[in-house]
Amino acid sequence: MITCLGDTFFPDVGVATVKLLRRLGVTVDFPQAQTCCGQPHFNSGYHDEARTLAKHTMEAFAKSPLIVTPSGSCAAMVKLEYPELFHDDPPWHAHAVAFAKRTHELSDFLINVLKIDDVGAHFDGKVTYHMACHLRGLGLVNEPIRLIQKVRGLQYVPLERHDECCGFGGSFAVRYPQISGAMVTDKTAFIEKAAVDAVVATDAGCLMNIGGCLNRNGSKVRILHLAELLAQQ
Amino acid sequence: MTNMNYAQHEHHDFLNASAEALADPTLQKALVRLTDTLMAGNRKGYAALADSSDLRDHAKRIKEHTLAHLDEYLVQLEMSVHKLGGKVHWAATAEEARKIVVAIAQAAKCRHAVKSKSMTSEEIHLNPALEKAGVEVTETDFGEYIIQVAGERPSHLVAPAVHHTRESVARVLSQHLGETLSDDPKALAMVGRRVLREKFRRADLGITGANFAVAETGTIVLVTNEGNGRLTTTVPRVHVAIMGIEKVIPRFNDLPVFLKLLARAATGQTLSVYTTIITGPRQPGEVDGPEEFHLVLLDNGRSKVLATPFRESLQCIRCGACLNACPVYRRIGGHAYGGVYSGPIGSILTPLFDSVAENPHLPHVSSLCGACQAACPVKINIPHMLIGLRELQHAHKPSRLERWAYQLWSMVLCRPRLYHWAIWAARVILGRRAKAGWIDQMPGPGAEWTKIRDFPAPAAMPFRERWKELS
Amino acid sequence: MSSREAFLTRVKQAVADGNRAGAVPSLPERAGVGYQGAGSDPVQRFIAELANAGGKGYVVSDVDAVMQTIQSIVQAHNARRILLSRGGLIDQFALPHKLKDAGFDVQTLDDMQANPQEDFFHADIGITNVHRLIAETGTVVMASQPNEPRSVSLLPPVHICLAERSQILPDLFNLFDLFSPTATPDRSLPPSCLTLITGPSKTGDIELKLVTGVHGPGELHVIVCG
């Protein structure tokens, strides 16, 4: 599942995900009907629209036995919210529960389904890691760090307050630019303090926000999606 | 109709208040210190309990059960209190609660009230009503006392004076007491002890909240670190406890479930210093403790919430952990929220109890990062409820343009070819503004984004195009 | 309809409206969840947890050692007026008598009849028995009764309490089971005031600087005998 933000702004992440999965022997398909999981609508309180998009997404993946997404936020939407969205609609509810079970965030899939923490990646440089908030909801607290630490040539530098929100939060960043700005400013200051070549995250939203702030400040630190890091050899 | 008891100002200016907080370096420093310290405690506290997550689930189930039978447990609580010789009062609104407490004070001829910190009494604005009736009221939690003398409101559930510095406390107390006080925290606290001891010595009415009440025994529980809760229920001859109806739990041995979690969640302590477990008034032969015990059960909007899916918010045990965990609270502090309750839980309670329409910002002042739920001793799904309030807002004060935009957007997203076309269009429009993959000035609502940071330019080719080269 | 009936009718309706069909949870049983216990040495655990909370524990073997411990605390404070509760180890050790003999100004509950409150407010040190100790949390449990007023452990700036080893409970849950009608139906109700004391009185209201003794005792000493 490569949904709206990844599709539009970070297609390299999708490409890296496909390459990585294929390298690990996984057959990958990309159903063209997929667009957006409906999270922006859900989070803004437009639940009817979110339901429509959830149905659309479930139908798009009807034939997929397993769904992997390099996005904690889409995975969280599917796994944590879809079933509840259809609480009063038993057939769709059952469908949503099954769909949630088949869906995995990338690091979850690698560590907990494929049971691999060394994907044979190589990266020369110092890297730090920002934990996306949706991984907290999914309980994926250590998975990405385990994967990062197995990358050859990489020096992992823990990030101060690595699990604090970067201030993205979708519409939050636009509604309250000052508060969101204070959050991302602190986040990038910690990243600079870590003196790394790149900061890794698992979500397009964080990368947009952190990357946009680093770029505005003329920083030399690169943003890197976990899939991009793990695809490197 | 709005209920002025929750939102302090009917048209609280959230944007200005939060901007002021962000621009106040002293407050920023205090908030970082507070939230860092208390969150380190929260993590340590949970980690020290081997099965803290299971215990939190158990606590949540007790609350779920109790709220699903709340009417029955309230009746049982009333019976238990009566058996002990206490009196139960039913207050549907803040106004009724104020009248009840004033009447108790007048009937017992009380002139000097001491109060242990109680958010419920903040909520009903009790002090001015008592003062009008000629009863002197003194807040005795040291932080609350500072706030009372300064004429302010608490800005944190467990650290009400966090927005003060040692210098400002020294200034406020010096002016009030007509002495020149040093700004040493220990010395100031000892001045507090001296002044408040005199208040206790004269007090004839003790007013408290209740952290918990036990239906089967008629017990109420007060948790404090200073001991003012003990003094308030030891010295005066009349004790009035005011509690929200959601505070009742069924059994006496359900108490340790919550006690083991409350202090750990709030500060990381195994228990707060004083847990005062009161079952009725002074018994024959005892030489201290109140002769009269009154329990005021307050609804004030709670039953309205109980009837909705927002019921889960009534599980809150007021530990303050969600405030400490929240990256937004950490930056804007408690006053910016404009209600009696601040932080993530306040963003739910204020709109629900006051008015959804009159508090348009609160449900949105969250990045939905979920740190609150992770810190909550009863795992309240705060992000979910904020989203639910956003939905409710559309019903109360619909923004047609916004709804239309979301409908159009979802319509496009359900038609993959139209969606494909739309991202091409976005690329064409935004591509002209891009410099090396980033845009420093966005049009429309995106302009708010680029006030702070750059926005990524849409890729030359979306993934769905790149897929062709991959297959 | 009285305001009470209207109140309860409203709550009852709200309960019914808010309950999700088929999903009304039953009252859960805890089984063993959350039980910590005290490990192999409850006394050591108690003393260690008490120290964590800022209190001071002493393990002593006889009455002479109790007297020595008390005297050293009293002398360190230059305390004059000592307030004692009644019964238990205090009587067993004849503490009022011994302290009077040692030259201290001792006040027992027998000494004060007319206005005990003034005496409570003026004491420098309060000495009490305890109802129980809890090892898991380093907690002193006081149960109010005629021999054990709430004030003695509260109003003086220093609180010394005496306990027997056998009074230590491993876990907080054990204490609540003692009074629980659910756990033990024939038990009497809890006392009018059961107080759990875990360390000296604390405040952090000014810049989070920890200050002890703002309201309750600034020092807590627990002497475990036997």
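The values are calculated or read from the model by the stated rules, or taken from the named source; none is laboratory data. Fair warning: this is a prediction, and the values are worked out from it, not measured in the lab. No Cβ is skipped: glycine too gets one built from the backbone with ideal geometry, and neighbour counts run over all protein chains shown. Side chains are part of the model used for accessible areas, which takes the heavy atoms of the whole protein and leaves out ligands, DNA and RNA. Shrake-Rupley method; radii C 1.70, N 1.55, O 1.52, S 1.80 Å.
Here are the numbers for this structure:
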{"quantity": "Subset of segment B:42-65 (residues that are of a type in the set (A, V, I, L, M, F, W, C) and more than 28 Å from C:VAL24 (Cα to Cα))", "calculated": "B:ALA47, B:ALA48, B:LEU49, B:ALA50"}
{"quantity": "Segment B:75-97, residues that are surrounded by 22 or more Cβ atoms within 10 Å (Cβ to Cβ) and within 24 Å of the chain's Cα centre (by Cα)", "calculated": "B:TRP90, B:ALA91, B:ALA94, B:ALA97"}
{"quantity": "Matching residues, segment B:169-182, being open to solvent by less than 60 Å² (accessible area, probe 1.4 Å) and in contact (Cβ under 8 Å) with a residue 12 or more places away in the chain", "calculated": "B:VAL169, B:ALA170, B:VAL172, B:LEU173, B:LEU177"}
{"quantity": "Filter result (small (Gly, Ala, Ser), under 17 Å from the mean Cα position of the chain (by Cα) and either buried (at least 22 other Cβ atoms within 10 Å of the Cβ) or in a helix (DSSP H, G or I) (or both)) within segment B:342-379", "calculated": "B:SER342, B:GLY343, B:GLY346, B:SER347, B:SER366, B:GLY370, B:ALA371, B:ALA374, B:ALA375"}
{"quantity": "Residue list for segment B:380-417, restricted to those being surrounded by fewer than 17 Cβ atoms within 10 Å (Cβ to Cβ), more than 9 Å from chain A (Cβ to nearest Cβ) and of a type in the set (A, V, I, L, M, F, W, C)", "calculated": "B:ALA395, B:LEU401, B:TRP404, B:ALA405, B:LEU408"}
{"quantity": "Pair list, Cβ under 6 Å, 6 or more apart: segment B:79-98 residue within 9 Å of chain C (Cβ to nearest Cβ), other residue surrounded by fewer than 19 Cβ atoms within 10 Å (Cβ to Cβ) and of a type outside the set (Val, Ile, Thr)", "calculated": "B:TRP90/C:SER3; B:TRP90/C:ARG4"}
{"quantity": "Residue ID - nearest to B:ASP299 (Cα to Cα), chosen from residues in segment B:99-133 that are open to solvent by 20 Å² or more (accessible area, probe 1.4 Å) and not in a helix (DSSP H, G or I)", "calculated": "B:HIS125"}
{"quantity": "Subset of segment B:18-44 (residues that are within 12 Å of chain A (Cβ to nearest Cβ), over 12 Å from B:GLN269 (Cα atoms) and not in a loop (DSSP other than H, G, I, E, B))", "calculated": "B:SER18, B:ALA19, B:GLU20, B:ALA21, B:LEU22, B:GLN28, B:LEU31, B:VAL32, B:THR35, B:ASP36"}
{"quantity": "Residue satisfying condition, being within 13 Å of chain B (Cβ to nearest Cβ), in contact (Cβ under 8 Å) with a residue 40 or more places away in the chain and surrounded by 16 or more Cβ atoms within 10 Å (Cβ to Cβ), within set A:LEU229, A:LEU159, A:LEU207, A:LEU224", "calculated": "A:LEU207"}
{"quantity": "Sole residue being under 16 Å from the mean Cα position of the chain (by Cα), in contact (Cβ under 8 Å) with a residue 40 or more places away in the chain and in a strand (DSSP E or B), chosen from A:VAL127, A:VAL68", "calculated": "A:VAL68"}
{"quantity": "Search result, residues across segment B:45-70 that are assigned to a helix (DSSP H, G or I) and open to solvent by 10 Å² or more (accessible area, probe 1.4 Å)", "calculated": "B:TYR46, B:ALA47, B:ALA48, B:SER52, B:SER53, B:ASP54, B:ARG56, B:ASP57, B:LYS60, B:ARG61, B:GLU64, B:HIS65"}
{"quantity": "Selection from segment B:292-309 of residues that are among the polar types (S, T, N, Q) and more than 7 Å from chain C (Cβ to nearest Cβ)", "calculated": "B:ASN300"}
{"quantity": "Scan of segment B:435-468 for residues that are farther than 16 Å from A:GLY205 by Cα, at the interface with another protein chain (Cβ under 7 Å from one of its Cβ atoms) and of a type in the set (A, V, I, L, M, F, W, C), ordered by number", "calculated": "B:MET461, B:PHE463, B:TRP467"}
{"quantity": "Sole exception among (1) within 14 Å of C:CYS193 (Cα to Cα); (2) open to solvent by 10 Å² or more (accessible area, probe 1.4 Å); (3) assigned to a helix (DSSP H, G or I) for B:MET190, by number", "calculated": "(1)"}
{"quantity": "Hits in segment B:134-156 (condition: open to solvent by less than 30 Å² (accessible area, probe 1.4 Å) and outside any helix (DSSP H, G or I))", "calculated": "B:VAL135, B:VAL137, B:THR138, B:GLU139, B:THR140, B:ASP141, B:PRO154, B:SER155, B:HIS156"}
{"quantity": "Members of segment A:135-156 found to be within 20 Å of A:PHE190 (Cβ to Cβ), open to solvent by 40 Å² or more (accessible area, probe 1.4 Å) and part of a helix (DSSP H, G or I), listed by number", "calculated": "A:ARG136, A:GLN149"}
{"quantity": "Qualifying strands (runs of 3 or more DSSP E) (wholly inside segment C:127-226; at least 3 residues being farther than 22 Å from B:ARG251 by Cα)", "calculated": "C:158-164, C:219-225"}
{"quantity": "Meets criteria (within 10 Å of another protein chain (Cβ to nearest Cβ), at positive phi, touching a Cys at 6+ places or on another chain (Cβ under 7 Å) and open to solvent by less than 10 Å² (accessible area, probe 1.4 Å)) for B:GLY289", "calculated": "yes"}
